[in-house]
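First the structure, in the form of structure tokens, and then the observations on it.
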Amino acid sequence: MTLYLETPGGFVPWSGEAINDVRHPLTVEWVWSDDELAAIGLYLPAPADDVPPGKMAVATSVERVGGVVKFVNTLVNAPPPPLPSTPVIYAVGNFAVSDMDISGIDTAVNFSAAVWMDVGVYLVLFSEAQANTRYLAKAYSGTSQALVVEKGEDYLIINASNASGPYDPAEFSLEVIRVQ
């Protein structure tokens, strides 16, 4: 525990320096009563008030409040809690397939190209490389099952199939969701 000395400029931590030309031992803190300490200007401050919700303490001082020497917190408004991460659609596109080719890309956002690789297998390239592969990629096709089977930082590989196996649907859609 630290005792505080009352001075004309306020309260300061006491480390054994002389008070009124008398040097007291540091053990007075444990031996003397609060009244005996106060008689020479030494105080063990009472705890500060609890910090209320929505506030935070940025500094603590020792002051006399209502005749009681106590710690006093300087409070400011606490920052608001962080907002939850929000998923956003980063890339979206509709891809037409015919004659072993991606014959068209409609309403593509953040995709630069798509390539037919084999029956039911398509390579789709991002317009710019991603920082990582922590994104959710979903493929859709109305006439078959379309799945994202591989994710890279600058590409996706899609497989499409029906009950018979690999299959080229007339079109498939792709959406990439990132959490920001």
Report task. Search the structure for amide H atoms under 5 Å from the amide H of residue 167, placed 1.01 Å from N in the peptide plane, and list their residues when 5 or more places away or on another chain. Result -> 120, 160, 161, 162
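Using just the helices of the chain, give the 222 nm mean residue ellipticity in deg cm²/dmol: DSSP H runs with n ≥ 4 each add -39,500 (n - 2.57), and the total is spread over all residues, rounded to 500.
Working: 2 runs with 10 residues, N = 180.
Computed mean residue ellipticity for the chain: -1000 deg cm²/dmol.
Suppose R0 equals 45 Å; then what is the FRET efficiency for residue 55 and residue 34 from their Cβ-Cβ distance, rounded to the nearest 0.05? Don't jump to the answer; show the numbers that get you there.
Values: r = 30 Å, r/R0 = 0.66.
According to the calculation, E is roughly 0.90.
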Query raised in the report: Given charges of +1 on the Cβ of Lys and Arg and -1 on the Cβ of Asp and Glu, with all other atoms neutral, how large is the dipole of the chain about its Cα centre, in debye to the nearest 20?
Result: 180 debye
Query - Per-residue ³J(HN,Hα) for segment 138-155, Karplus 6.51 cos²θ - 1.76 cosθ + 1.60, θ = phi - 60°, Hz, x for Gly and Pro - result: 10, 10, 9, 8, x, 10, 8, 8, 10, 10, 7, 9, 8, 10, x, 6, 10, 7
**Report entry** Given charges at Cβ of Lys, Arg, Asp, Glu: the chain dipole, positive-most of 105, 162, 67
**Finding:** 67
Report task. Quote the relative contact order of segment 87-179 in percent (integer), defining contacts as alpha-carbon pairs under 8 Å separated by 6+ residues. Result -> 35 percent
Query raised in the report: Length gain on complete extension for the stretch residue 143 to residue 46, per 0.36 nm per residue less the alpha carbon to alpha carbon distance?
Result: 27.4 nm
Query raised in the report: For segment 87-179, with only Lys/Arg (+1) and Asp/Glu (-1) charged at the beta-carbon, what is the dipole magnitude about the Cα centre, in debye rounded to 20?
Result: 400 debye
Report summary line: Expressed in angstrom and rounded, the centroid-to-centroid distance over alpha carbons for segment 154-180 and segment 12-26 is 80 Å
Report summary line: Two pseudo-spin positions, 7 Å from Cα along C-beta at residue 115 and at residue 27, lie apart in nanometres by 8.6 nm
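Just to confirm a number: summing +1 for Lys and Arg and -1 for Asp and Glu over residues other than residue 143 whose beta-carbon lies under 13 angstrom from that of residue 143, what do you get?
Details: positive: none; negative: 168, 171.
Value of the local net charge: -2.
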Query raised in the report: Short version: ³J(HN,Hα) in whole Hz for each residue of segment 69-80, in order, from phi by Karplus 6.51 cos²θ - 1.76 cosθ + 1.60 (θ = phi - 60°), x for Gly and Pro, what are they?
Result: 7, 8, 6, 10, 8, 8, 9, 9, 5, 6, x, x
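Every number in this text was worked out from the coordinates using simple rules, so none of it is lab data. Fair warning: this is a prediction, and the values are worked out from it, not measured in the lab. So basically every Cβ, Gly included, is an ideal-geometry build from the backbone, and we count neighbours across all protein chains shown.
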